[in-house]
Amino acid sequence: MKTRGRWCFLLLGLSAVLLSGCAAMNSYKKEGSLPLPGLKERVTVLRDEKGMAYIYAGSAEDALRALGFVEAQDRLFQMELTRLVAEGRFCELAGEKARALDVRMRTLGFLRNARKHTALLAESEKRFFQNYVDGINAYIETRKNTYPLEFKLAGIQPTPWTVADSLAIGYFMSWNSSANVRTEIIAQMLVEKLGEEKAREIFPLNINPDHETAHANLTPRPSETACGTRFLGDSLLAGLLEEQPLRMGSNNWVVGPGASPGGKPILANDPHLDPRLLPGPWYPCGLVTPEFRFVGVGIPGVPGLIIGRNNHIAVGVTNAYGDVQDLYVETVDPQNPGHYMEGESSLPFEILEETLKIRDKKAPGGFREEKIQVRLTHRGPVVSGVMKGLKTERVITLRWAPFETMGPELGLARVLGARSVAEIREILSQVNWISLNFVFADTEGNIGWHVSGKLPIRSRGDGTVPFAVRDGKDNWVGWIPFEKMPHAYNPKRGWIGTCNHYTVPRDYPHYFTSHVSPSYRYRRLVQLLDAAGAKSANDHWRYQRDATNLMAKVIAPIMAKALAAHEDTAEAARILSEWDCVDDPEKPGPALFQAIYRQFALAVFEDELGPKLARLMLGNWYFWQERLQQMVVEGTAAWFDDVRTKGVTETRDHLFHRAALAAFKELKAELGGNLAKWKWGKIHQMEFVSPIRRKGFGKGLMGAGSHPMGGSGETLYRGLYEFNKPYNPVIAASLRMVADLADPDKVLAILPGGVTARVFGPHTTDQTEPFMKGEKRYWWFSDKAIQAHCKHALVLDPR
């Protein structure tokens with residue numbers, strides 16, 4: 001045993017030496033001075049104990065150039081990966097297996113439209129972007145010996161950046177916030193399967209708790225041509241559903257001065273993305289100039305900071321899920337297949353040629369080229385035959401509002417120096433390219449919320465897909481005016497919050513969306529913020545990890561009562577009855593509830609929808625959760641009867657019992673036979689991995705391991721798992737921030753990984769453990785606080 005212990009100690013020592021050596025090989029200069037051509041004056045970069053940079057510059061232009069340089073120091077490989085994906089160039093890294101992805105990205109045309117948008121930018125906006133990319137390029141050109149090690153491991157080299165590259169990433173992020181097509185296609189598939197009347201029984205309930213308005217606001221049309229034959233089948237629609245964007249959620253809220261101990265607003269934001277890929281999607285930084293002082297986060301590869309605070313305001317965002325995309329079934333001219341019909345007119349498809357560069361070790365130079373063609377109508381690109389699994393003879397095009405609403409400003413530049421809620425509101429009127437819930441506050445005590453983006457007004461009233469083009473009339477007949485987008489300012493209740501829920505008021509005159517989050521998170525937020533008394537920044541920090549499950553509070557008692565009637569599920573009934581409906585990772589209650597309710601949902605829908613369609617629908621949580629809860633509470637839905645069993649009429653409670661037995665069988669091998677010893681955190685674990693090694697040998701060495709996690713998809717402490725791949729979370733907070741405008745020195749904030757995207761680096765995973773444990777970390781705001789926590793100082797010299 002002593003010998004074994006010595007060997008273990010020796011191996012640990014060797015590992016430490018190896019990691020230390022690797023970290024030294026993947027570092028960059030943080031002290032002394034470096035040249036940065038194009039600066040007007042010297043810029044000082046101070047880094048704190050987390051490695052976070054605070055850039056002191058004599059002008060906004062110099063600050064942006066330095067931001068590009070410093071961000072490249074920390075995140076260049078991450079930026080390059082995002083750019084390759086957004087621009088349809090991932091084949092350059094991954095070879096043939098990424099071809100289909102690249103074809104889709106080229107077809108959607110983020111870079112193509114970014115180049116178009118670049119030409120439309122106002123000179124001030126173009127300078128804002130250009131200064132930033134000049135900083136990136138200066139790093140690429142002058143610091144080749146300090147490129148992230150990941151470039152060598154991946155076998156690629158960074159290339160110069162343009163303004164269009166940054167805009168393309170912005171469009172890519174905006175696309176990933178657009179999710180209505182999935183909901184609308186599922187609705188259409190249900191109509192195809194069940195008929196409209198039966199399908200409507202399980203359409204989503206989109207509930208605004210502030211108005212207690214429930215909308216089943218989908219109006220699918222039977223998929224028929226003028227001749228009465230179906231033009232879309234299940235396989236076509238299912239293929240569209242396989243085209244899943246990155247999923248985005250979030251919580252944000254702001255409280256006015258009356259509920260703040262310091263007498264000024266407090267703003268909290270925890271954007272929900274997939275945080276598992278280290279070091280996380282957000283880049284934190286401080287910018288200090290004579291014009292503004294802003295500390296916050298932005299998207300690597302895009303200039304500016306979108307979440308955070310300055311001396312006057314604080315701002316946070318969530319996904320608003322405004323419906324900005326439609327699919328169209330085009331009619332090809334039977335006399336000329338190179339044309340499409342627009343009523344009586346025959347118009348030519350626009351044909352674009354794109355060249356893919358595909359990594360291929362057999363090809364000369366290690367790469368081969370392939371020419372592809374992209375077809376477009378005036379609505380948008382042809383996506384049939386391009387989207388994964390979509391095989392049809394029909395020509396389907398996709399229309400996306402941001403490509404039709406390009407303006408001279410994006411709004412990113414002016415947020416940094418905004419001085420009031422009124423100014424933020426005016427800035428947001430220019431943010432046409434993405435639909436987000438912005439909440440904001442100023443030091444005068446004003447608070448606000450406004451949805452950004454341009455949403456079409458549709459002549460048929462909603463965005464049900466697909467839309468068959470039969471004449472020359474445009475079904476998009478205008479845009480919802482900015483002042484009519486959902487918003488609130490200084491409400492009487494003293495706070496404003498959004499949790500991706502249905503925010504549209506009862507009398508809203510326009511169709512806004514059919515895809516929103518169930519109301520559970522927002523209802524819990526109401527309970528917390530409507531409670532009497534002032535709430536400190538620490539209270540709001542605690543609320544972000546609140547794991548109370550309001551869906552379980554409604555359903556678990558009904559579930560427990562059903563299970564108590566059977567001896568083989570009596571123990572589960574006891575545990576659920578005693579559970580406080582807090583999704584604690586150390587408790588058996590949440591594991592039992594989630595597993596049984598998941599099996600219950602399958603039992604309710606599989607018999608009538610079939611396994612494939614049932615799982616496609618259930619894989620979209622937002623589509624069915626509120627509706628199924630309503631059915632459970634009412635208890636008499638015909639959907640509870642299993643139509644496959646002849647002569648037997650199953651009830652809700654029968655299905656709960658069946659689901660419990662299935663859940664026991666599913667989890668017994670992993671959690672054991674003693675239900676009381678089950679732990680939610682044993683099956684609900686967040687695993688953090690490096691983009692270099694996501695699977696296989698070395699994954700643990702380069703990543704940050706698996707961590708038991710509380711919460712669920714229904715709690716403010718978000719830990720959403722994929723329904724069809726339970727139970728490890730894939731969507732959770734990618735940042736936690738609480739900004740108290742009464743605090744002159746700091747902002748509560750933490751990331752799931754760290755500041756840098758350099759494998760083995762000291763600040764790539766140093767925030768993971770405290771992030772998972774709920775510990776506090778800070779962004780420093782005042783000069784005094786920044787200087788007190790400064791660990792490194794670097795001067796960027798224009799010479």
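Looking only at the chain, where both bridge partners belong to it, what percent of the DSSP beta bridges are antiparallel (to the nearest 5)?
Counting DSSP beta bridges with both partners in the chain, the antiparallel share is about 90 percent.
Can you tell me how much longer the chain between T649 and Q157 gets when fully stretched, taken as 0.36 nm per residue apart minus their C-alpha distance, in nm with one decimal?
Contour length minus the Cα-Cα distance gives 170.7 nm.
How large is the accessible surface of M52 in square angstrom, using a 1.4 angstrom probe and rounding to the nearest 10?
Looks like 0 Å² after rounding.
Within 15 Å, Cβ to Cβ, of E370, how many net charges do the neighbouring residues add up to if Lys/Arg are +1 and Asp/Glu are -1?
Summing Lys/Arg as +1 and Asp/Glu as -1 gives +3.
Using +1 at the Cβ of each Lys and Arg and -1 at the Cβ of each Asp and Glu in the range 571-702, identify which of L667, T636, A595 lies farthest towards the dipole's positive end.
Highest projection toward the positive end goes to L667.
Determine the distance separating the Cα centre of the range 641-695 from the Cα centre of the range 704-725; give it in Å without decimals.
Their Cα centres are 15 Å away from one another.
Could you let me know the centre-to-centre spacing of the range 351-421 and the range 469-525, using Cα atoms, in angstrom?
With the range 351-421 and the range 469-525 each reduced to a Cα centre, they are spaced 27 Å.
Which order do W579, W479 take when ranked by solvent-accessible area (1.4 Å probe, heavy atoms of all protein chains), largest first?
The ranking, largest first, comes out as W479, W579.
Among H657, N475, L398, whose Cα lies farthest out toward the positive end of the dipole of the chain, if unit charges sit on the beta carbon of Lys, Arg (+1) and Asp, Glu (-1)?
H657
What net charge do the residues around F723 carry, taking every other residue with its C-beta under 11 Å from that of F723, with Lys and Arg at +1 and Asp and Glu at -1?
+2
Rolling a 1.4 angstrom probe over the protein chains, ignoring ligands and nucleic acids, what is the accessible area of I156 in square angstrom, nearest 10?
Number for this one is 20 Å².
Rounded, prolate or oblate: which fits the range 60-174 when a ≥ b ≥ c are the square roots of the eigenvalues of the alpha-carbon gyration tensor, with rounded for a/c under 1.5 and prolate only if a/b beats b/c?
Taking the square roots of the gyration eigenvalues as a ≥ b ≥ c, the range 60-174 is oblate.
Taking every pair of alpha-carbon atoms in the range 681-788, give the share separated by more than 22 Å as a whole percent.
Counting every Cα pair in the range 681-788, those more than 22 Å apart make up 41 percent.
Taking just the alpha-carbon atoms of the range 603-725, what radius of gyration and Dmax come out, in angstrom?
My reading of the Cα-based Rg and Dmax gives 18.2, 58 Å.
Can you compute the radius of gyration and Dmax for the range 395-470, using only the Cα atoms, both in Å?
16.3, 55
Fully extended, how many nm does the chain gain between E353 and E769 (0.36 nm per residue separation, minus their Cα-Cα distance)?
Full extension of this stretch gives 145.0 nm more.
At what distance in angstrom do the alpha carbon centres of the range 108-164 and the range 276-301 lie from each other?
The two parts, judged by their Cα centres, are 17 Å apart.
Taking a probe of 1.4 angstrom, what is the accessible area of V554 in Å², to the nearest 10?
60
Rounded to the nearest 20 Debye, what is the dipole magnitude of the chain about its Cα centre when Lys and Arg each give +1 and Asp and Glu each give -1 at the C-beta?
Around 2300 debye, computed over the chain.
Would you mind classifying the chain by shape? Square roots of the alpha carbon gyration tensor eigenvalues, ordered a ≥ b ≥ c; an a/c under 1.5 is rounded, otherwise it is prolate if a/b is larger than b/c and oblate if not.
Rounded shape, in that the Cα axes give a/c under 1.5.
Please sort by residue number the trypsin sites (Lys or Arg not before Pro) in the range 38-147 whose DSSP state is loop and whose Cβ has at most 11 other Cβ atoms within 10 Å.
Nothing satisfies the criteria.
Write down the Å³ per residue value for the convex hull defined by the alpha carbon atoms of the range 683-737.
Value for the range 683-737: 94 Å³ per residue.
Sorted by accessible area with a 1.4 angstrom probe, largest first, how do R542, R375, R736 fall?
R542, R375, R736
Below 8 Å between Cα atoms, with a sequence gap of 6+, how large is the relative contact order for the chain in percent?
19
Give, as a single signed number, the net charge of other residues whose beta carbon lies under 15 Å from the beta carbon of I169, with Lys and Arg counted +1 and Asp and Glu -1.
+1
Set the Förster radius R0 to 56 Å, insert the Cβ-Cβ distance between R693 and R42 as r into 1/(1 + (r/R0)^6), and round the FRET efficiency to 0.05.
0.90
For the range 455-510, which trypsin sites (Lys or Arg not before Pro) are in a loop by DSSP, counting at most 16 other Cβ atoms within 10 Å?
Passing both the DSSP loop test and the Cβ count: R460, R470, K473, K492, R493, R506.
Rounded, prolate or oblate, given the Cα gyration tensor of the range 418-562, with a/c below 1.5 counting as rounded?
Since a/c reaches 1.5 but b/c is at least a/b, the shape of the range 418-562 is classed as oblate.
The values are calculated or read from the model by the stated rules, or taken from the named source; none is laboratory data. Everything numeric here is computed off the predicted structure, so don't read it as measured data. For neighbour counting, all protein chains shown are included, and Cβ atoms are generated from backbone atoms with ideal geometry for every residue, glycine included. For the accessible areas, the whole protein counts, side chains as well, though only heavy atoms, and no ligand, DNA or RNA atoms are used. Shrake-Rupley method; radii C 1.70, N 1.55, O 1.52, S 1.80 Å.
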